[in-house]
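The values are calculated or read from the model by the stated rules, or taken from the named source; none is laboratory data. Just so it is clear, the structure is predicted and the values come from calculations on it, not from any experiment. For neighbour counting, all protein chains shown are included, and Cβ atoms are generated from backbone atoms with ideal geometry for every residue, glycine included.
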Amino acid sequence: MRTMREDAAGTGRDNCVATRDDRAVSTTVNYVLGLSITFLLITGLFIAGGNFVQDQRETSIETELQVVAEQLAADVESADRLARTTENGTVAVERSVPSRVSGTGYTIAVEGGSDPRLVLTSNDPEIEVMAQFSNRTAVQPTRITGGPIQVTETGGQLVLERREQ
């Protein structure tokens, strides 16, 4: 509780004097303010750190998908060369690729018709990478999930499919 007293010089100005029960309030207010500022700083660090981790995860997913796409494109090109040099034989090129990249599933699609390409798309977050490949044997458009893959030649056409384990 604050009381007002006239100063000793008689100037007519009032002086605020804190009584004993007011001093504890300033300690409590300082404590609450300190906790509030600390809470805000820690919250800001968590938000900034969370965004950094999410960005790193997306970069990791994109890099892993690009590696898988390049490996599969090389396998399609190998199957194409084998199909052109093998007469009446069976062509099968197998590749074990992960079924998940950085904790998320993905799909593999063959698109493009006369200008074929592989398109790999992760599920969450959705990130897409493409890999071109050159071939002379037609490639059947398809969409499969990641995992053990096999490129086979069937009826004069290359087919990308999941391999049974």
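One table, with the values for the structure above:
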read-out	value
Single unsatisfied condition, Gly50 versus (1) farther than 30 Å from Asn135 by Cβ; (2) at pLDDT 95 or above	(2)
Answer from Ser122, Ser96 - the residue that is closer than 15 Å to Leu65 by Cα and within 22 Å of the chain's Cα centre (by Cα)	Ser122
Filter result for Asp115 (in a loop (DSSP other than H, G, I, E, B) and farther than 21 Å from Arg84 by Cα)	no
Condition broken by Ser78, with the remaining ones in (1) outside the structural domain of Gly155 (by TED's automatic domain parsing); (2) hydroxyl-bearing (Ser, Thr, Tyr); (3) over 27 Å from Asp124 (Cβ atoms) satisfied	(1)
Residue check for Thr27: part of a helix (DSSP H, G or I) and either loosely packed, with under 10 Cβ neighbours inside 10 Å or in the same structural domain as Leu158 (by TED's automatic domain parsing) (or both)	yes
Residues of the stretch 91-112 satisfying the condition of being part of a strand (DSSP E or B) and more than 16 Å from Ser60 (Cα to Cα)	Ala92, Val93, Glu94, Arg95, Ser96, Thr107, Ile108, Ala109, Val110, Glu111
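Each row is one residue, and each column tells you yes or no for (1) at pLDDT 90 or above; (2) part of a loop (DSSP other than H, G, I, E, B); (3) surrounded by fewer than 17 Cβ atoms within 10 Å (Cβ to Cβ).
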position: Leu120; (1), (2), (3): yes, no, no
position: Glu126; (1), (2), (3): yes, yes, yes
position: Ser134; (1), (2), (3): yes, yes, yes
position: Ile144; (1), (2), (3): yes, no, yes
position: Leu158; (1), (2), (3): yes, no, no
